[in-house]
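Q: Below is a structure I'd like to ask you about.
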Amino acid sequence: MSELLFYISEGISGVYIMPIRQPIVTVLGHVDVGKTLLLDKIRGSAVMAREVGAMTMAALPWW
């Protein structure tokens, strides 16, 4: 069973109990610098291997 984690945030209008969420990561870089290869390694996927000439032309989200 997974455990839900929370943190307490204090704002102008009171105290809030907020759930801890996964971080949002953005990978920026110019053409042919290895962004897809890096994401493939992190995700354990093989997007680059399926592309013709190892050139990816689609942005894919990671959930």
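Q: Regarding the stretch 52-63, can at least one residue be identified that is surrounded by 10 or more Cβ atoms within 10 Å (Cβ to Cβ) and at pLDDT 80 or above?
A: Within the stretch 52-63 (the criterion being surrounded by 10 or more Cβ atoms within 10 Å (Cβ to Cβ) and at pLDDT 80 or above), the answer is no, since none of the residues qualifies.
Q: Restricting the search to the stretch 5-17, which residues are over 20 Å from the mean Cα position of the chain (by Cα), of a type outside the set (Val, Ile, Thr) and at negative phi?
A: Phe6, Tyr7, Ser9, Glu10, Gly11, Ser13, Tyr16 - these are the residues of the stretch 5-17 that are over 20 Å from the mean Cα position of the chain (by Cα), of a type outside the set (Val, Ile, Thr) and at negative phi.
Q: I'd like the full set of residues that are part of a loop (DSSP other than H, G, I, E, B) and surrounded by fewer than 10 Cβ atoms within 10 Å (Cβ to Cβ), limited to the stretch 12-28. Give the derivation first.
A: Applying the first criterion (part of a loop (DSSP other than H, G, I, E, B)) to the stretch 12-28 yields 12-13, 20-28.
Across the stretch 12-28, the qualifying residues are Ile12, Ser13, Ile20, Arg21, Gln22, Pro23, Ile24, Val25, Thr26, Leu28.
The values are calculated or read from the model by the stated rules, or taken from the named source; none is laboratory data. As the structure is a prediction and not an experimental result, all values here were calculated from the model. FYI the Cβ positions are ideal-geometry reconstructions off the backbone, even for glycines, and counts take in every protein chain you see.
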